[in-house]
Structures are given as structure tokens and as C-alpha cells.
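**Q** Got a structure for you, questions after.
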Amino acid sequence: MLYYNKSAIHTLKELETTAHGLSATDAEERLRIYGPNAIRVKGDPLWRKLFEPFRSVFMLVLFIAAVVSLLHGDVLDAVIIIVIISVSAMIYYIQRFSTERILRSLQKHTTQDVDVLRNGAIVSIDSSQLVPGDIFTLHEGDKIPADGRIIVSENARADEAQLTGESVPITKTVDELSGEKEIYEQTNMLFQGSFLTSGSATAVVVATGNETEFGRLAALSKEEIVKSPVQEKIDKLLSHIIAAVGGLALVAFGLALIRGTELTEAIRFVMALSVSAVPESLPVAISVVLVLGMRRMAAKKALVRNMRAIETIGVITTIATDKTGTLTENKLTVQEIWQLPTTKIHIGTIAHYSANQGVRKSHDPLDTAMIEFAQAEKVVTPKGTPLTTLPFDQSVSMSGNIWHHGDKYHLNLKGAPEQILSRSKLTKDEKVLAEEALTRLTAQGYRVIAVATTLLDTPINQFMELHPKLKLDFVGFLAIADVLRPEAKRAISAALQAGVTVRMVTGDHFETAYHIGKSLGMVEKREQVFDSRQMHDMSDQELARVVDDIRVFSRVIPEDKYRILAILKQKNITAMTGDGVNDVPALVNAHVGIAMGSGSQIAKDAGDIILLDNNFKSIVDAMHEGRVIFANIRRMLVYLLATNTGEALTMVGALIIGLPIPLLPVQILWINLVTDTSMVIPLGLEPGEKHNMKRKPRKPKAPILNWFMISRIILVALSMSGVALTLYSIFNHLYGPEYARTIVFCALVVMQWANAFNARSDYESLFKRIRVLSRPFYIGLFVAVSLQILAIFGPLQGLLHVQSVAIGDLFTTGLIAFFLPIVFVEIHKYIGRRLYSR
């Protein structure tokens with residue numbers, strides 16, 4: 001139905017509602033009929049989800065191995081391989097279900113609350129509960145939750161770029177339109193997914209969910225999961241590994257045939273070797289670790305909106321942060337006043353009359369502080385409401401109200417002292433007094449607000465309508481302070497120790513900004529504070545030379561943020577905080593955009609991370625978590641590559657030196673299942689190392705594994721294969737190949753347990769790291785040990801072709817297999833610590 005062709009009154013009638021909104025009963029009934037206001041995006045069908053784990057090349061190799069076993073008559077081996085395939089698929093299903101469940105729980109944090117009229121009263125409800133006929137109200141920066149016909153517009157403008165591609169905001173009115181209009185021409189309609197960039201609007205819901213214009217488009221698309229840079233790097237590494245394993249498999253196949261191995265047995269051996277050599281479980285494990293990391297970060301009040309941000313937050317080199325609410329508690333109070341001696345106007349009265357008197361749920365903290373001050377001064381409370389409210393205008397750095405008394409219009413203003421003073425009628429002596437007072441107050445770290453008043457012949461709707469020669473009656477200054485968060489200074493110190501510079505971006509006066517920066521430990525001298533008003537006379541090259549040494553930017557307007565960020569990005573990986581509509585360009589352009597939970601919805605949608613508590617400490621916590629996650633992913637990778645390469649070298653080495661095959665295909669697959677499945681994800685959930693936040697950020701283009709960790713992989717692989725082949729040679733000579741095969745089977749498993757202990761830290765000694773409790777690690781180890789006991793002494797003994805061996809031999813070889821890799825890696829870690837200390 002073309003509601004834009006109908007008047008607001010006619011639209012309400014068509015939707016069987018009124019300007020007082022729906023009743024609770026009607027809303028409940030309509031919710032049952034129309035369903036929740038949520039867009040249902042086309043996803044994969046069930047059959048595709050079920051088939052997903054079997055689409056990998058590894059599953060194909062295992063399936064072929066099972067077929068070869070059946071053709072060869074080895075039904076038992078075929079059954080075991082099929083069981084392994086089933087277990088791997090079941091693990092995939094469990095991990096996917098857990099991941100999706102955690103993502104759904106995280107998404108609950110991002111739901112939007114909307115003010116609606118129900119039974120004539122304003123109530124706040126979740127946007128998913130909106131139904132056609134609901135009356136909702138939005139303000140600047142709010143995201144539009146459903147399609148609606150505007151019934152009240154107060155200078156409303158909407159950004160509809162998501163639907164129209166048009167970046168210029170569209171002015172919204174109440175007037176009905178004639179004829180058929182395109183979306184961008186429907187000026188009396190609001191569309192889901194768009195944002196109010198200015199003003200406010202009240203509208204009646206005409207469509208929800210998939211029936212909205214945005215819903216129709218979204219329903220045609222399929223939701224895609226964007227891989228993080230870590231995953232992209234690992235995928236690239238895995239492709240190289242698969243190619244190398246393919247070459248190794250051909251060599252092993254040729255050697256096996258040369259040594260007289262039967263063709264079908266050689267095929268099964270090479271397939272099992274290929275599966276064990278490639279860390280196929282890594283991508284799924286990484287997804288789980290990243291999602292669990294997102295959940296932990298959410299618990300620390302940092303909601304991650306995309307996985308890419310998890311890696312990037314761990315490598316940032318500078319943070320540009322707001323002051324208000326992030327470094328402070330956003331609780332402003334008037335600490336001191338200075339009133340012009342020659343004025344007879346009470347400063348408290350003008351403060352009250354210039355403060356926002358609107359009906360919004362939450363006032364600006366500055367307005368709240370001014371109203372509380374006026375009330376404490378017991379000034380006469382304004383009756384009624386202002387004739388016109390002038391919202392803060394960045395171009396003049398002022399806001400205020402127009403009050404109508406009789407035939408006079410009183411304009412009461414508050415704003416930046418420089419702007420108010422420059423527009424006021426002051427004598428030379430009065431101006432000197434005011435500037436001296438301003439200097440004294442700002443030097444104490446106060447945020448100083450000037451208040452003034454004047455009479456108008458006719459009311460205005462915006463500051464640009466003021467006559468340029470109009471002079472204000474200056475009243476005085478309000479010295480306002482925002483209490484610093486007690487944890488802010490410690491958090492900044494932690495960031496600095498981690499090699500990350502912190503830059504405060506604030507609209508405060510130079511002296512105020514310097515005082516706060518010094519209190520927080522960000523600056524030591526005035527030269528580290530920059531008055532951003534100088535930027536307008538500087539080229540980008542000149543600004544770039546200055547910015548490197550600046551830690552506090554004062555007198556910043558939102559447009560300056562984008563330019564500051566662009567300069568910082570030339571040499572840094574940046575994180576930028578913001579909470580308003582004007583912060584969106586900077587948030588989008590930063591490597592990591594950090595939005596405030598109390599900020600506008602458009603800023604939250606633009607941010608990669610949302611600080612639910614607006615606290616700078618949460619940024620540092622997120623940075624720490626990002627570093628821990630990356631370190632754990634690298635641990636998993638080092639562990640898998642080292643142990644899998646060790647297995648492969650053992651197999652190929654035996655063929656090269658002329659020994660019988662040291663492990664049967666089913667034993668190789670068992671080792672892979674027991675160790676990879678039970679130990680990889682626990683390693684990905686390790687607590688961070690103590691020095692994690694004392695290292696400099698790594699370079700973003702650096703490979704995921706440095707030369708030192710690659711050398712460890714080679715060392716572990718060589719030690720594993722060396723020990724395994726030595727034991728196999730000795731026991732093959734003494735007791736024959738079957739006995740020796742069981743010894744090697746157990747030794748390789750034990751060596752992987754040892755390497756799991758080694759992998760818990762990159763440089764820290766195992767004997768120190770073992771004091772750090774990690775329940776997932778020990779649970780995984782318990783499962784692995786239990787399964788191996790079943791394989792050696794339990795009912796699985798026959799299935800895995802395990803021969804009974806002497807307990808003494810098993811114990812002795814187990815000790816050797818466990819401690820030798822630990823000794824080698826401890827020496828390697830010691831060398832690493834010496835290099836690191838340099």
C-alpha cells in the first residue's frame with residue numbers, strides 16, 4: 001500500500017491505530033499475526049549442513065581408504081576408518097552448533113531498544129517486538145527499526161545509502177505525496193536500516209521484518225561469514241602444506257612399492273599418512289577459539305561485531321580515544337562559577353534557561369549538570385517549554401533555547417568561551433577580566449562553558465539565521481569537571497607498556513586538555529598537546545610532522561577526527577573511538593572502530609567493537625584478549641605441524657632406511673584422532689602469558705609463524721622421528737616388527753602429549769607454565785590418556801593391531817618419549833628467552 005500518498009491521519013486510520021498508539025492487547029495480537037520484526041536471511045538447507053563435514057579432501061581420502069580396505073577384505077580396518085569419519089563429523093556438528101549458539105547469545109547484546117507509544121504512554125521495547133500500527137520516536141543518530149510513515153518531523157534528515165546508494169541525507173517531512181514515487185523520493189517515509197542524521201521524527205510502523213524495503217533486499221541475499229586475516233593466512237599456509245604432503249605421499253608410495261609392500265596396503269598407508277600430516281582440524285578449531293574469544297571479550301564489556309577485529313585489536317600501535325565517558329565517568333558537575341562583575345543577570349538563571357528542556361529519556365550530561373546547578377542555586381524554574389530549541393551547532397560551538405515572554409523573544413545560549421566572547425558586547429576592561437578568569441579556570445583542568453543572553457525581534461530555527469552583527473550579553477563562565485575513571489590511568493599505563501601509544505582527542509580547551517592528559521600520565525610537557533584549530537592552516541605534510549609527538553589533541557571538532565586518523569594511519573595500526581553521527585567516517589576508516597555503548601546507533605553499527613560500559617579499560621582488555629587469541633592460534637598451529645611432521649618423517653624415514661612400516665594405517669589414524677581432537681582446542685583456550693602485554697605489537701603483514709617457531713617445529717619433528725625410529729630399530733631387532741610397532745605406536749602418542757605441554761608457552765619454561773591452571777588442557781589430556789589406555793590394555797587392543805608388550809618396556813620407552821622432547825624444547829625456549837631479552 002502506498003502510504004506516502006496518504007495523509008498522516010488517513011494512514012493511522014488504515015492501520016487501525018491512533019496517535020496514542022496501540023493497546024497492549026492489540027500489539028500482542030498483531031505480533032502473533034505478523035511475527036517478530038526480524039529479517040530472515042536465506043541460509044543453507046539442512047541437507048547441505050549435514051553434508052558439509054564430508055566435503056573436505058581429508059574425508060575423501062579416508063573414504064577411499066575405507067573402500068580399499070573393504071576390497072582387500074580388511075573389514076575391521078574399514079569399520080574403524082568409518083567410525084573415525086563419523087566421529088570427526090560428529091565433532092564438526094557439535095562445534096558448529098556451539099559456535100552458532102554462542103553467536104546468537106552475543107547478538108542479543110546488539111538488539112535495539114525503541115521508544116513506542118502503547119496505551120498512550122511511552123515504553124521502551126526491543127525492536128523485534130514492533131508491529132504495524134505502533135507509533136515510535138527516533139532522534140539524531142538512531143537506527144530506523146522498521147518502515148514507517150512520518151507523522152511528526154522536527155528537522156529530520158535520514159541517511160538511506162543502504163537502500164538507495166545516495167550518500168546525501170534526505171530531508172523528511174509529514175506532507176503527503178502524489179503519484180508513484182521511488183524510494184529516494186518518498187520524503188514522508190522512514191525505512192528500516194537507515195539512520196536519522198539530524199533532528200527527530202515520530203512515525204507509525206507500516207511494515208516489519210521481511211516486508212520492509214530492506215527486508216526484501218536482504219531476503220534475496222545469503223549471509224556470508226568473512227574470514228579473519230588470521231584465517232586467511234592459515235588457509236594460505238595449509239594450501240602450501242597440502243601441496244608438500246602431496247609430494248611426500250608420492251615419494252612414500254614409491255618407496256613402499258620398492259620395499260615390496262602390497263599395492264592396496266601401500267595405497268591405504270599413503271592415504272592415512274596424508275591425513276595425519278595435514279592439520280585438517282585447525283580451521284574448525286580456530287573458528288571455535290575465535291567465537292569463544294568474542295564471548296570472553298563480551299564478558300569484559302567489549303562486544304566484537306566481526307571476527308576481523310579480534311586479530312587487529314591485538315596488533316594496534318595507537319589508540320585515539322575520546323575523553324568524556326571513556327576516560328571519565330561522564331558525570332559532570334559545576335565546580336566553580338565566574339560572573340561578569342558588571343552584569344545584573346544571575347548566571348544560574350541563564351544556565352537553566354539555556355539547558356536542554358526536552359522530553360528525551362537521557363539529557364546531555366552538560367545540560368544535566370547545569371540544571372542541577374541551577375536547582376541548587378534555587379533559581380526560578382522555567383515554566384512551560386522553550387519556543388525553539390537550538391541543538392548544538394559545531395560551526396558556532398553553541399546551543400541554546402528561545403523563550404517567548406510577552407512580545408519579546410529571549411535567546412539564552414551556552415557554548416565555547418572563545419565563540420561567546422567574540423560575539424559579546426564587552427568593554428576592553430571587561431574582556432581582559434573575562435580572559436584572565438578563563439585562563440585561571442582552564443589551568444585548573446576545568447571544562448569552561450560560557451553563558452550569554454540576548455533579545456530577538458523574531459524567533460529563529462537555526463544559528464545561521466542570526467544576524468552577523470548581533471551582539472550578546474555575556475553573563476559568565478561555568479567551570480565544569482568530569483570525574484576521571486579510577487582505572488583509566490592504570491589502563492593507559494598498561495597500553496603504553498604494550499608498546500601502544502594513547503592519544504586523547506577532546507573538544508576541551510588547551511589548558512584543560514593538558515591538565516587531564518598530565519593527570520592520566522599521557523603527557524609530561526605542553527609540547528605534547530596540540531590545539532587542533534591550527535590544523536586548518538596546515539597541510540597534511542606539515543600536520544604529519546607534528547602528529548608523531550602529540551599525545552593530546554584539544555579543541556577537536558568531529559571533522560578533525562577523520563583527518564587526524566588519516567595522518568595516524570600513515571605509520572600506525574589505529575583504533576578510534578566515537579559515539580556520534582559525525583564520528584562515523586573516522587570509525588569506518590580506522591583499522592578498528594570502537595563505538596560507545598551509550599552512543600548513537602549509527603556509530604555502533606559503524607564500529608567493529610562496541611564498549612558496553614564506555615570504559616577505556618575495556619579497550620585494553622580487548623587488546624589483551626586479541627593478543628592471547630592470536631598467541632593461542634599460533635600454539636595450535638605449531639603443535640599440529642610439529643607432531644604431524646614428526647609422524648610423517650617417522651613413516652618416510654623407516655621406508656628410506658629399509659625398516660618395515662612402523663605403524664599401520666589404522667594406528668596412524670588413531671594417533672591423529674586421539675591427539676588432534678582432544679588437545680588442539682584446549683591449547684587454543686590457554687590463559688595468556690605474563691609478558692603478553694609487554695611486547696611490542698607485531699607487524700600486520702608479518703607471517704603467522706616467525707623463523708624461531710619454524711625452527712621449533714623442525715626440532716620437535718626431528719626429535720620425534722629420531723626417537724621413534726631408534727626405538728623401532730632396537731625392538732624390531734630384539735622382538736620383531738609387531739612388538740616394535742606397538743612400542744612406537746605408544747611412544748609417538750606420549751611424545752605428542754609432551755609436545756602439548758611444550759606448546760602451552762612460546763618462551764616460558766614448562767616448569768613455570770605448569771603452575772598456570774588450564775582446565776580445558778587437563779580435561780583434554782585426561783581424555784587422550786584414557787583413550788590410549790583403552791587402546792593398549794582394553795577392548796580396542798585387537799582392533800588397532802596392538803600386541804601385548806612388557807610393562808617395563810612400555811614404562812621405560814614412555815619416559816624416554818615424554819622427557820626427550822621436553823628437554824630439547826626447554827633448551828630451545830632458553831635460547832629464545834635470551835634472544836628476547838636482548
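**Q** List the residues whose amide H sits under 5 Å from the amide H of LEU22, counting only those 5 or more places along or on another chain, with H placed 1.01 Å from N in the peptide plane.
**A** For LEU22, the qualifying residues are ASN119, ILE135.
**Q** Which of rounded, prolate, oblate describes the range 608-675, given a ≥ b ≥ c as roots of the alpha-carbon gyration tensor eigenvalues and a/c under 1.5 marking rounded, otherwise prolate only if a/b is larger than b/c?
**A** Judged from the Cα gyration tensor, the range 608-675 comes out prolate (a/c at least 1.5, a/b above b/c).
**Q** Take the Cβ-Cβ distance between ARG545 and GLU329 as r, set R0 to 30 Å, and report the resulting FRET efficiency rounded to the nearest 0.05.
**A** Step by step, r from the Cβ atoms, then E = 0.25.
**Q** May I ask you to evaluate 6.51 cos²θ - 1.76 cosθ + 1.60, the Karplus curve with θ = phi - 60°, for each residue of the range 685-698 and list the ³J(HN,Hα) values in order in whole Hz, giving x for glycine and proline?
**A** Running phi through 6.51 cos²θ - 1.76 cosθ + 1.60 with θ = phi - 60° gives 10, 5, x, x, 6, 4, 8, 4, 9, 10, 8, 6, x, 7 Hz.
**Q** Name the residues whose placed amide hydrogens come within less than 5 Å of the amide hydrogen of ARG423, ignoring near sequence neighbours (fewer than 5 apart) on the same chain.
**A** none
**Q** Filter LYS143/LYS489; LYS617/LYS696; LYS518/LYS561; LYS233/LYS571; LYS425/LYS525 down to the pairs with a C-alpha to C-alpha distance above 30 Å, please.
**A** Listed pairs above 30 Å: LYS143/LYS489; LYS425/LYS525.
**Q** While we're here: Which value, in debye to the nearest 20, describes the size of the charge dipole of the range 507-610 about its Cα centre when Lys and Arg Cβ atoms bear +1, Asp and Glu Cβ atoms bear -1, and nothing else is charged?
**A** 160 debye
**Q** Then there is this: Mean residue ellipticity at 222 nm from the helices of the chain, using -39,500 (n - 2.57) per DSSP H segment of n ≥ 4 over the full residue count, to the nearest 500 deg cm²/dmol?
**A** My calculation for the chain gives -15500 deg cm²/dmol from helical runs alone.
**Q** Would you mind putting 516-529, 646-659 in packing order, based on average other-beta-carbon counts within 10 Å, highest first?
**A** Descending packing order for the listed peptides: 646-659, 516-529.
**Q** Solvent-accessible area per residue for the chain at a 1.4 Å probe radius, Å²?
**A** 45 Å²
**Q** Then there is this: Would you mind working out the magnitude of the charge dipole of the chain relative to its Cα centre, with +1 at each Lys and Arg C-beta and -1 at each Asp and Glu C-beta, to the nearest 20 Debye?
**A** It comes to approximately 2580 debye.
**Q** Kindly work out what percent of the DSSP beta bridges joining two residues of the chain are antiparallel, to the nearest 5.
**A** 75 percent
**Q** LEU130's amide H: which non-local residues (gap 5+, or another chain) put their own amide H closer than 5 Å, with H modeled 1.01 Å from N in plane and none for Pro or chain starts?
**A** Under 5 Å from the amide H of LEU130 lie the amide H atoms of ASN37, each far enough along the sequence or on another chain.
**Q** Moving on to the next point. Cα axis of helix 775-793 to longest principal axis of the chain: angle in degrees, 0 to 90, nearest 10?
**A** 20 degrees
**Q** Right, another one. Measure off, as a whole percent, the carbon and sulfur share of the 1.4 Å-probe accessible area of the range 716-824, all protein chains present.
**A** Whole-percent figure for carbon plus sulfur exposure: 75.
**Q** Leaving out ligands, DNA and RNA, what percent of the accessible area of the range 581-645 is carbon and sulfur, probe 1.4 Å?
**A** Ligands and nucleic acids excluded, carbon and sulfur give 50 percent.
**Q** Helix 707-735 versus the longest principal axis of the chain: what angle, 0 to 90°, nearest 10, using Cα atoms?
**A** So the helix axis and the longest Cα principal axis differ by about 20 degrees.
**Q** Kindly write out, for the range 441-455 in residue order, the coupling ³J(HN,Hα) from the Karplus curve 6.51 cos²θ - 1.76 cosθ + 1.60 (θ = phi - 60°), rounded to whole Hz, with x marking Gly and Pro.
**A** 3J(HN,Hα) across the range 441-455, in whole Hz: 5, 5, 5, 8, x, 7, 8, 9, 10, 9, 10, 8, 8, 6, 9.
**Q** Further question: Considering the dipole of the chain built from charges on the beta carbon (Lys and Arg +1, Asp and Glu -1) around the Cα centre, which of THR442, SER422, ILE258 is farthest to its positive end?
**A** ILE258
**Q** Please compute the net charge surrounding MET1, taking Lys and Arg as +1 and Asp and Glu as -1 over other residues with Cβ under 14 Å from its Cβ.
**A** -3
**Q** Moving to a separate point now. Once you order the gyration tensor axes a ≥ b ≥ c over the Cα atoms, which shape class does the range 405-519 get: rounded for a/c under 1.5, otherwise prolate or oblate by comparing a/b with b/c?
**A** Judged from the Cα gyration tensor, the range 405-519 comes out prolate (a/c at least 1.5, a/b above b/c).
**Q** Just subtract the alpha-carbon distance of GLU559 and ASN461 from 0.36 nm times their residue separation and send over the number in nm, one decimal.
**A** Between GLU559 and ASN461, full extension yields 32.9 nm more.
**Q** Let me ask you something else. Pull out the extension gain between LEU484 and GLN803, defined as 0.36 nm times the separation in residues minus the alpha carbon to alpha carbon distance; nm, one decimal.
**A** 107.8 nm
**Q** Got a sec to turn the phi values of the range 553-567 into Karplus ³J(HN,Hα) couplings, 6.51 cos²θ - 1.76 cosθ + 1.60 with θ = phi - 60°, whole Hz, x for Gly and Pro?
**A** Residue by residue, the range 553-567 yields 9, 9, 6, 8, 9, x, 5, 5, 4, 4, 5, 4, 4, 4, 5 Hz.
**Q** Okay, moving on. For ALA654, what is the net charge nearby, where nearby means another residue's Cβ is under 14 Å from its Cβ and Lys, Arg count +1, Asp, Glu -1?
**A** Its environment carries a net charge of +1.
**Q** As I understand it, the value is the acute angle between the Cα axis of helix 229-258 and the longest principal axis of the Cα atoms of the chain; what does it come to in degrees, rounded to 10?
**A** Rounded to the nearest ten degrees, it is 10.
The values are calculated or read from the model by the stated rules, or taken from the named source; none is laboratory data. Because the structure is predicted, anything quoted here is derived from the model rather than measured. Backbone-built Cβ (ideal geometry, glycine too); neighbour counts: all protein chains shown. Side chains included, ligands, DNA and RNA excluded: accessible areas come from the protein's heavy atoms. Shrake-Rupley method; radii C 1.70, N 1.55, O 1.52, S 1.80 Å.
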